[in-house]
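So the structure is just underneath, and the comments pick up after that.
Bear in mind that the values in this text are calculations on the coordinates, not laboratory data. Keep in mind that what you see is a predicted model, and the values were worked out from it rather than measured. Counting neighbours? That spans all protein chains shown, and the Cβs are built from the backbone with ideal geometry, glycine included.
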Amino acid sequence: MRSSASLRPSRHATADPARSGVSAHQARTRIPAAAALAVAGGLLVSACSGPSAPPTPSPKGPAVGGPARLAADTTLLATLRGATPGYPSPGRAPAGRVPGTWYGAHSTLPVVATRPGWVQVRLARRPNGSKAWIPASDVQLSTTPYRIVINLATTHLTLYKDDRKVFSTPAGVGTRTDPTPTGQYFVAFLEAPPKSSPGYGAFIMVTSAHSDAIGNWEGSGDAVIGIHGPLGSDQEIGTTGARISHGCIRLHEADLLQLRDVPPGTPIDIVR
């Protein structure tokens, strides 16, 4: 988001749940984290300005025929081969379609349950917490060893790999008026920041979370939560973190860079 004080969010907490995600004013580009600095463009995610100033999934993955046999510290991911029907449960009539891409990025979704021939995945669309069953034949499976936990009470972000803490860092989170939504989400994709706003850092990690307080940021039709640089608020973030944004997660730039190897689909738990 641009940090201009003149921006006016429209507070529609019950935005149209049929929307698959944010709309932005510029083309979106899915990029590997290592190449984030080299790519222009940018999804102007919401919830970034406060009151003050993707790696390709592995081509091979475990087969799905029953409950996934994975280590407790590993998450199964499903990358869609294309748009596919989404089902409330296997064998029932479909209830809409799950898009194969989301603003130019392949849909790589965490698997939360399996049945023979089926996987249940989290979705990036509103409402927060949306899930659907899709045929296993419509996805390519891979895994991620990473997990991100954002604790709103301690205003810290912690990265885990193989269930071991990689690092923990203070974070700028949403204010009490525009809080960061709690729940279970995931990394949707990484993209380059707007050229006009270097404060975003090397890249923006776009998540599947949507603001519950803001329904329409700058007429975009949505308000997606991102993880990015400090937008000039390093001093406020400090060593303890702070409630300073419209819902996005702000990190010191050096800390943001430690997330560059985290792939799309990686779970994000936001707790308080």
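Of note:
- Taking a point 7 Å from the Cα of VAL149 along the Cα-to-Cβ direction, none of the residues of the stretch 99-139 has its backbone N closer than 16 Å to it.
- Burial ranking of peptide ranges 208-217, 145-154, 234-243 (average Cβ count within 10 Å, highest at the top): 208-217, 145-154, 234-243
- Phi-based couplings in Hz for the stretch 212-229 (Karplus 6.51, -1.76, 1.60; Gly and Pro marked x): 8, 9, 10, x, 8, 9, 6, x, 6, x, 7, 8, 8, 7, x, 10, 7, x
- Extended-chain gain in nm, criterion 0.36 nm per residue less alpha-carbon gap, ASP234 and ASP269: 10.2 nm
- Using the Karplus relation 6.51 cos²θ - 1.76 cosθ + 1.60 with θ = phi - 60°, the per-residue 3J(HN,Hα) values for the stretch 135-151 come to x, 5, 5, 9, 10, 10, 9, 8, 9, 9, x, 8, 7, 10, 10, 10, 9 Hz, with x marking Gly and Pro.
- Structural size metrics of the stretch 118-242, computed from C-alpha coordinates, are Rg and Dmax of 16.0, 50 Å.
- Using 0.36 nm per residue and subtracting the Cα-Cα separation, the extra length available between ASP73 and LYS165 on full extension is 32.0 nm.
- Peptides 118-131, 185-198 ordered by average Cβ neighbours within 10 Å, highest first: 185-198, 118-131
- The stretch 189-234 pair-distance distribution - Cα-Cα, 5 Å bins, rounded %: 5, 21, 22, 26, 22, 3
- Cross-link partners of LYS165 among aspartates and glutamates (Cα-Cα below 16 Å; sequence separation of 8 or more within a chain): ASP73, ASP255, ASP261, ASP269
- Taking amide H as placed 1.01 Å from N in the peptide plane, the amide H of ALA83 sits under 5 Å from that of GLY100, each at least 5 places away or on another chain.
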